[in-house]
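The values are calculated or read from the model by the stated rules, or taken from the named source; none is laboratory data. On a predicted model such as this, the values are computed, not experimentally measured, just so you know. Neighbour counts are summed over all protein chains in view; Cβ atoms, including those assigned to glycine, are modelled from backbone coordinates with ideal geometry.
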Amino acid sequence: MSTTRRQFSIAAAALPLFAITGRNAEAATFSYKCATNLPMTHPLNVRIQEAIDHISAQTNGQLQIKLFPNSVLGTDPDMLSQVRSGAIQFFTLSGLILSTLVPITALSGVGFAFKDYDQVWAAMDGKVGMVMRKAIASRGLYAMPRIFDNGFRQITTSDRAIKTPDDLHNLKIRVPPAALWTSMFTDFGSTPTTISFNEVYSALQTHVVSAQENPLAIIDTAKLYEVQKFCSLTNHMWDGFWFLANPAAFGALPENVRNIAQSAFDKAALKQRPDVLALNQTLQTKLTKAGLAFNTTDPVAFRDALRHAGFYKEWRGKFGDEAWTALESVTGKLA
């Protein structure tokens with residue numbers, strides 16, 4: 001999938017924001033920044049760094065990208081603002097968090113929608129992903145065609161295992177700053193509290209909240225197992241990272257450089273997906289040894305509880321029939 005002229009039409013006006021040297025665009029050297037909110041050891045950053053090295057080699061150093069992991073350039077809202085302004089040229093962000101700017105990107109995180117990864121990739125590499133990328137472009141960002149995996153999300157707690165929907169009643173749980181999370185856990189009878197991710201460990205440690213939810217890879221790399229006792233394998237949401245580009249910065253690159261970069265980042269996403277799957281398959285053993293007690297759950301009971309609460313009907317109305325139909329073409333009937 002090639003980039004479009006329209007998406008990069010504002011490039012000339014924004015060029016002063018970028019470090020560009022050389023006599024003309026074809027001969028210039030471009031020095032760009034890529035920011036993520038994950039530790040360098042996470043498979044996303046490992047594969048992105050490989051892509052960056054490949055891009056540098058394939059363009060003979062014409063495009064130099066420096067990776068800034070672990071939110072060193074700011075919080076997610078800060079970095080999202082920076083990639084929109086051009087201060088950062090590339091940024092990876094969860095679609096669920098991106099939904100604060102582009103609401104439709106929360107569609108992939110609808111609670112208990114996807115049964116497995118086959119459904120996830122059919123949706124995200126198909127109609128659902130196309131709907132989202134179109135909406136992202138309308139808000140002044142360019143999303144690479146392939147999305148990175150963040151994994152299915154699980155619930156950890158300090159005082160109880162989550163085995164049935166009733167176990168979520170009155171649970172004070174940390175959620176990211178996105179309406180879909182707040183809505184879902186409210187419908188379960190929980191008390192969702194928005195806390196920035198870099199404050200989650202201390203919030204759990206000091207019992208500001210007693211629970212949180214994240215994929216196993218993040219529970220591991222952020223060492224959340226040190227301040228939690230139970231991990232319930234709910235698979236309640238799937239989450240992925242869009243690889244976002246500032247359209248002016250990306251459009252300023254010569255076409256051949258742009259194509260090399262897009263191809264490299266898309267291939268990195270495809271390589272990272274099995275990395276996360278393999279990691280999750282080994283992490284349960286590792287986290288059990290670290291002290292977490294695991295239990296499985298029945299997704300049907302949780303989906304029925306959300307249906308009864310009107311969750312799916314509410315969000316179908318918010319997302320619109322076109323987007324919801326695209327989702328249900330993969331997942332089956334939800335609302």
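Just checking, does region 179-186 include any residue being small (Gly, Ala, Ser), within 13 Å of GLN154 (Cα to Cα) and modelled with pLDDT under 95?
No, region 179-186 has no match at all.
Does VAL257 satisfy the condition of being of a type in the set (Val, Ile, Thr) and assigned to a helix (DSSP H, G or I)?
yes
Scan region 300-325 for residues that are within 15 Å of PHE185 (Cα to Cα) and surrounded by 13 or more Cβ atoms within 10 Å (Cβ to Cβ) and jot them down. Spell out how you get there, then give the answer.
Within region 300-325, the first condition is being within 15 Å of PHE185 (Cα to Cα), and the residues that meet it are 301-312, 314-315.
Residues satisfying the conditions are ALA301, PHE302, ARG303, ASP304, ALA305, LEU306, ARG307, ALA309, PHE311, TYR312, GLU314, TRP315.
Anything in region 81-128 that is of a type in the set (Asp, Glu) and either touching a residue at least 12 places away in the same chain (Cβ under 8 Å) or part of a loop (DSSP other than H, G, I, E, B) (or both)? List them, or say none.
Hits for region 81-128 are ASP116, ASP125.
Every residue, every condition in (1) assigned by TED's automatic domain parsing to the domain that holds PHE265; (2) crowded, with 16+ Cβ neighbours inside 10 Å; (3) modelled with pLDDT under 70, yes or no:
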{"site": "MET1", "(1), (2), (3)": "no, no, yes"}
{"site": "ALA27", "(1), (2), (3)": "yes, no, yes"}
{"site": "TYR32", "(1), (2), (3)": "yes, yes, no"}
{"site": "PRO39", "(1), (2), (3)": "yes, yes, no"}
{"site": "LEU44", "(1), (2), (3)": "yes, yes, no"}
{"site": "GLN49", "(1), (2), (3)": "yes, yes, no"}
{"site": "ASP53", "(1), (2), (3)": "yes, no, no"}
{"site": "GLY61", "(1), (2), (3)": "yes, no, no"}
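What residue, of THR191, THR182, THR186, THR164, is in the same structural domain as ILE219 (by TED's automatic domain parsing) and in contact with a Lys or Arg (Cβ under 7 Å, 6 or more places away or on another chain)?
THR191 is the lone residue from the list that is in the same structural domain as ILE219 (by TED's automatic domain parsing) and in contact with a Lys or Arg (Cβ under 7 Å, 6 or more places away or on another chain).
Residues in region 234-245: is at least one surrounded by fewer than 24 Cβ atoms within 10 Å (Cβ to Cβ) and more than 16 Å from the chain's Cα centre (by Cα)?
Taking every residue of region 234-245 in turn, at least one turns out to be surrounded by fewer than 24 Cβ atoms within 10 Å (Cβ to Cβ) and more than 16 Å from the chain's Cα centre (by Cα).
Looking at region 262-296, which of its residues are basic (Lys, Arg) and under 24 Å from PHE91 (Cα atoms)?
Narrowing region 262-296 to residues basic (Lys, Arg): 267, 271, 273, 286, 289.
Within region 262-296, LYS267, LYS271, ARG273 qualify.
When region 219-236 is examined, which residues are found to be polar (S, T, N, Q) and modelled with pLDDT of 95 or more?
Of all residues in region 219-236, those polar (S, T, N, Q) come to 221, 228, 232, 234-235.
Hits for region 219-236 are GLN228, SER232, THR234, ASN235.
Can you tell me which of LYS267, LYS318 is touching a residue at least 40 places away in the same chain (Cβ under 8 Å), closer than 26 Å to ARG133 by Cα, in the same structural domain as LEU44 (by TED's automatic domain parsing) and out of contact with any strand residue (DSSP E or B) (no Cβ under 6 Å at 6 or more places or on another chain)?
Testing whether each residue is touching a residue at least 40 places away in the same chain (Cβ under 8 Å), closer than 26 Å to ARG133 by Cα, in the same structural domain as LEU44 (by TED's automatic domain parsing) and out of contact with any strand residue (DSSP E or B) (no Cβ under 6 Å at 6 or more places or on another chain) leaves just LYS267.
Spot the failing condition for ASP78; the list is (1) at pLDDT 90 or above; (2) among the acidic types (Asp, Glu); (3) not in a helix (DSSP H, G or I), and only one is missed.
Among (1) at pLDDT 90 or above; (2) among the acidic types (Asp, Glu); (3) not in a helix (DSSP H, G or I), ASP78 violates only (3).
Looking at region 57-97, which of its residues are among the polar types (S, T, N, Q) and more than 21 Å from GLY129 (Cβ to Cβ)?
The first filter runs over region 57-97 and keeps only residues among the polar types (S, T, N, Q), leaving 58-60, 62, 64, 70-71, 75, 81-82, 85, 89, 92, 94.
Result: GLN58, THR59, ASN60, GLN62, GLN64, ASN70, SER71, THR75, SER81, GLN82, SER85, GLN89.
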